[in-house]
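The structure appears below as structure tokens.
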Amino acid sequence: MDYPHDQAPGAPIRSGIPEHGRIPKYYAVKAHVSALIDELGEGGTLPPERELALRYEVSRETVRQALRELLLEGRLARQGRGTVVAGPKLEQPLSLASYTEGVRRQGRTPGRRLIGLERFPCPEALAPEIGAESGEPVWHLERVLLADDDRVGLESTYISVARVPDLEEKFDPDSSFYAYLHDRLGISFGDADERIETVLATPREALLIGTPPALPMLLIHRISRDTGGQPLERVRTLFRGDRFSFTAHLGGRG
């Protein structure tokens, strides 16, 4: 197969065009608009649908389909009644670093908005994951994740009340939970297991994050242990698929 010399690393091979060369009209428009996005740069305003339809000699519905895909991919964003070029996605490392650290590394301001902090009897299925006994009190901390005041995710944390008895009184819900555990309680994270999948948000989750229910989400399940190997927390985090990508460093085996 011949590869174009100007193909960007990581781009679809042959720009996603099949060998037979036949592509849907919307995809051709999408390719044209993608080039236009590069020209306009972040924050640039896209021409109206009517103008794009005339420029590329297609129907407005064809243009809408192309724009829908670019919106879902996070390359475009709605602003009022118009459409603008979105900024780069946030890169979140797959590591034991907190969300706060990951966002700050990219020059953005992390934040959180408290939805609720509740305590309830630990369900039997959850107990071994957080090192608790069934029926023992457990905290559920739910917060919306922010980056420069934009809502980008939703995080649910479960941890035994015995490990953090004063959470309700002494923890600032707008701050890093990991920093609180380490700095105030002397608890450090040792290792964790993570599972990532693609899901659609529930109507409640979409409302809290401020996204359409059809927007794909990246869902991370994390079960963490402390440096002594004891189960510590279970976290369920939804990240907007149009605003996040994940990175990991993989080492070789000797």
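Go ahead and run the numbers for FRET between Thr109 and Glu57, Cβ-Cβ distance against an R0 of 35 Å, rounding to 0.05.
0.20
What distance in nm separates the two pseudo spin-label positions at Leu185 and Arg50, each 7 Å out from Cα along the beta-carbon direction?
With each label point 7 Å from Cα toward Cβ, the separation is 5.9 nm.
Mean residue ellipticity at 222 nm from the helices of the chain, using -39,500 (n - 2.57) per DSSP H segment of n ≥ 4 over the full residue count, to the nearest 500 deg cm²/dmol?
Values: 8 runs with 67 residues, N = 254.
It comes out at -7000 deg cm²/dmol, rounded to the nearest 500.
Give, as ranges by residue number, the residues of segment 160-176 whose backbone N falls under 13 Å from the point 7 Å along Cα→Cβ of Arg119.
So the set is 160-171.
7 Å from Cα along Cα→Cβ at both Glu169 and Gln230: what's the point-to-point distance in nm?
2.1
Straight-line reach from Lys170: which aspartates and glutamates have a Cα under 19 Å away, not including same-chain ones fewer than 8 places off?
Straight-line reach from Lys170, under 19 Å: Glu118, Glu142, Asp183, Glu233.
Computed from the coordinates by the stated procedures, all read-outs in this text should not be read as laboratory data. Bear in mind that the values here come from a model prediction, so they are computed numbers and not experimental data. FYI the Cβ positions are ideal-geometry reconstructions off the backbone, even for glycines, and counts take in every protein chain you see.
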